[in-house]
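Presented below is the structure to which this report refers.
The values are calculated or read from the model by the stated rules, or taken from the named source; none is laboratory data. Just so it is clear, the model here is predicted, and its values are computed rather than measured. All Cβ positions, even for glycine, are placed from backbone atoms using ideal geometry, and neighbour counts span all protein chains on display.
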């Protein structure tokens with residue numbers, strides 16, 4: 001999974017987005033009984049500088065691919081892609097390698113809603129490529145809720161595996177926890 005996400009994100013291998021988008025659609029579709037049938041789909045935004053470097057937003061690409069699939073598998077759902085509703089107003093350092101606390105601080109005050117009328121009272125499906133500590137999902141969700149969103153659901157293609165020390169005295173021994181590759185949380 002990591003290789004596929006990196007191929008999309010850094011090597012611009014667009015065909016990978018189709019497979020990852022289908023996986024994302026399956027994860028979202030698995031919640032058909034619980035999730036609202038009408039949602040505004042908001043990809044986690046990139047800062048304009050990062051967007052220029054990459055040439056695309058991987059979260060938007062994944063969301064668009066997932067929506068294509070969901071229109072086939074769940075035709076009664078009303079899902080609207082909105083790439084401009086949430087904006088990253090300043091550039092941040094990469095989250096990779098940061099502690100959970102550093103990630104939260106790195107994202108403080110980064111996002112804003114460009115048009116609160118577009119999200120007010122709506123159920124939001126926030127889409128990103130990977131869920132690591134939840135700092136990005138929390139920062140985006142908080143911003144959307146403060147702008148009046150009725151609820152925020154978070155969908156990611158993958159969830160990072162955490163490494164947890166076995167015991168405080170054995171700081172060099174780690175066990176890998178089994179966490180599903182796909183995740184969808186509310």
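Looking at the structure I just gave you, is residue 94 out of contact with any strand residue (DSSP E or B) (no Cβ under 7 Å at 6 or more places or on another chain) and either over 22 Å from residue 26 (Cβ atoms) or at pLDDT below 90 (or both)? When the stated conditions are applied, residue 94 passes them.
Within the stretch 135-161, the set of residues being surrounded by fewer than 20 Cβ atoms within 10 Å (Cβ to Cβ), part of a strand (DSSP E or B) and either touching a helix residue (DSSP H, G or I) at 6+ places or on another chain (Cβ under 7 Å) or touching a residue at least 60 places away in the same chain (Cβ under 8 Å) (or both) comprises 151 only.
Evaluate the stretch 80-101: report whether one residue or more is surrounded by fewer than 21 Cβ atoms within 10 Å (Cβ to Cβ), under 28 Å from residue 18 (Cβ atoms) and without any contact (Cβ under 8 Å) to a residue 12 or more places away in the chain. For the stretch 80-101, residues surrounded by fewer than 21 Cβ atoms within 10 Å (Cβ to Cβ), under 28 Å from residue 18 (Cβ atoms) and without any contact (Cβ under 8 Å) to a residue 12 or more places away in the chain: present. Residue check: is residue 60 touching a helix residue (DSSP H, G or I) at 6+ places or on another chain (Cβ under 6 Å), modelled with pLDDT of 90 or more and assigned to a helix (DSSP H, G or I)? Spelling it out, it is not the case that residue 60 is touching a helix residue (DSSP H, G or I) at 6+ places or on another chain (Cβ under 6 Å), modelled with pLDDT of 90 or more and assigned to a helix (DSSP H, G or I). Considering 118, 66, the condition of being surrounded by 14 or more Cβ atoms within 10 Å (Cβ to Cβ), assigned to a helix (DSSP H, G or I), in contact (Cβ under 8 Å) with a residue 12 or more places away in the chain and over 15 Å from the mean Cα position of the chain (by Cα) is satisfied by 118 alone.
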